[in-house]
Amino acid sequence: MDFPEAPSTAEASAVRRGALRLARRLRSERPGGGLSNAKLSVLAHLYQRGGMTPKAIADAERVQAQSMTRVLAELQKDGLVARGRDPRDGRQALITITARGTDALVEDMSHRDVWLAGAMERHLSPAERRILHMAGELMERLAETEDREGSDDQAEQAGHGESDQ
């Protein structure tokens, strides 16, 4: 999709900073003793997309498949995911979320959603809440893109790692 005006790096930096700061705040609002971010992320992918191979989960997380081995083993041990055979390719495992995994994910998301809804109600006007809702949908769309053109080079050149500065 081509658009006539490219965003400036200042616009991109403002979005990145806002997204990182809100993500950090949402993490701090999680109930204590909950699942790790990596485990929650895997459960979220399975909840949204259905059964996936370990490689597909690793690709969605943008990590090496070997990095997922421990996380998947722990989730399976805790009864949050189940491992079966992929019906399309019996040589591959298919990971699915269990009812217990769904419950754990929904509980975690609900707690943070309640906090965020309250914060939005207290600090944003109705028009700002609608804009933020649209921005959330747009950020979801950006997060799902496969476009990696120059991403590492541009971040290094701009001096922007994972910092929210």
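Solvent-free Debye calculation, one equal scatterer per alpha-carbon of the stretch 35-144: log10 I(q)/I(0) at 0.17, 0.19 Å⁻¹ equals -0.86, -0.99. Cα-Cα pairs above 20 Å in the stretch 53-117: how many percent? It works out to 38 percent of all Cα pairs.
Within the stretch 29-67, what residues put their amide N at less than 11 Å from the label point 7 Å along the Cα-to-Cβ vector of ARG100? Zone members listed by number: none at all. Mean sequence separation of contacting Cα pairs (under 8 Å, at least six apart), scaled by the length of the chain, corresponds to a relative contact order of 23 percent.
None of the figures in this text is laboratory data; all of them are computed from the coordinates on show. Note that the structure is a prediction, hence the values are computed from the model and not measured. Neighbour counts are summed over all protein chains in view; Cβ atoms, including those assigned to glycine, are modelled from backbone coordinates with ideal geometry.
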